[in-house]
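Trainee: I am attaching a structure below and will ask some questions about it afterwards.
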Amino acid sequence: MKATLFTLTIALAAATATAPAFARDALPQATQQALALKDGSTLYVFKDGKMAKEDRYGRAAYLKQGEVLELADGRKVPAVGNEVARLDGLLNDGHRN
């Protein structure tokens, strides 16, 4: 009985300790590409072709209709869609109660 309780306690502690490691796993699975922008932010392209922008502080940022974004390598990409809520949900997945 004592050994079983000890084993369950260790298993629960290990499961709790590894939970934060999976917090941002949903983002790479939902996106097709992550492109670095010149201003330090990141542009995510979802599998359906729509885009969302994460600012350099890790928050979902608004994309204007027809906005042209400059990538870190100098290329320019026109924004398609504005998936702020979708990105915010993925960034905060596992961080809220």
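The values are calculated or read from the model by the stated rules, or taken from the named source; none is laboratory data. The structure presented is a predicted model; accordingly, all values stated were derived computationally and were not measured. Every residue, glycine among them, receives a Cβ derived from its backbone with ideal geometry; neighbour counts consider all protein chains shown.
Trainee: Pairs only if they're at least six apart or on different chains, beta carbon under 6 angstrom, first in region 41-52 and of a type in the set (K, R), second crowded, with 18+ Cβ neighbours inside 10 Å; list them, first residue then second.
Mentor: Going by the 6 Å Cβ cut-off, the qualifying pairs are K50/E83.
Trainee: Just one of G66, G58, G40, G49 is at pLDDT below 90, at positive phi and loosely packed, with under 15 Cβ neighbours inside 10 Å; which is it?
Mentor: Checking each option against the conditions leaves just G66.
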